[in-house]
Amino acid sequence: MSRRLLGGLFLTMFLFAGAVAQAQGILDGLMDRAKGSAERKARDRVNQRIDQTIDKAINKSEEAVQCVATDQECLKRAKEQGKPVTVVTAPAAADPAKCVVTDTDCLKQAKVQGKKVEIVDETELDTLRCATTDADCLKRAKTMGKKVELVD
């Protein structure tokens, strides 16, 4: 009987060792999954906070009123509305209007178009602006070899 008892004891120990090894494997698997889950959660929260920060920045920039620094009315209006102000540079006119100081029509057109005015001498212009009744202007244009733009 002792043989049977020893065989049974050996078999029991063998089965118990197998069960412990299997339980250890299950426990290791659970720990690995828990660790992976915790890492994913942490990564998801960091990404969520980054997204929230980006959204806040975009919302603030969308709410901001854009004003040229010299536009006091725009700055005042934004302050009254309690909105943040983004100061922008004034859009530069593509090219300044070149006008002779006596050409009031040229000066008025430049003002309407929002262009800067560059006061020049007639000799610096490619085209002279003359009335059809202004014989002196037409004669000067002809002697200087300039094009003529009729203003009336």
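The values are calculated or read from the model by the stated rules, or taken from the named source; none is laboratory data. For clarity, every value in this text was computed on a predicted model and none was experimentally measured. All Cβ positions, even for glycine, are placed from backbone atoms using ideal geometry, and neighbour counts span all protein chains on display.
Here are a few things to note about the model shown:
- Residue within the stretch 86-104 that is basic (K, R) and loosely packed, with under 15 Cβ neighbours inside 10 Å present: no
- Restricting attention to the stretch 32-75, the residues that are of a type in the set (A, V, I, L, M, F, W, C) and outside any helix (DSSP H, G or I) total 5.
A quick yes/no check of all residues on (1) small (G, A, S); (2) at pLDDT 75 or above; (3) out of contact with any helix residue (DSSP H, G or I) (no Cβ under 9 Å at 6 or more places or on another chain):
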| residue | (1), (2), (3) |
| --- | --- |
| F16 | no, no, yes |
| D44 | no, yes, yes |
| Q52 | no, yes, yes |
| P96 | no, yes, no |
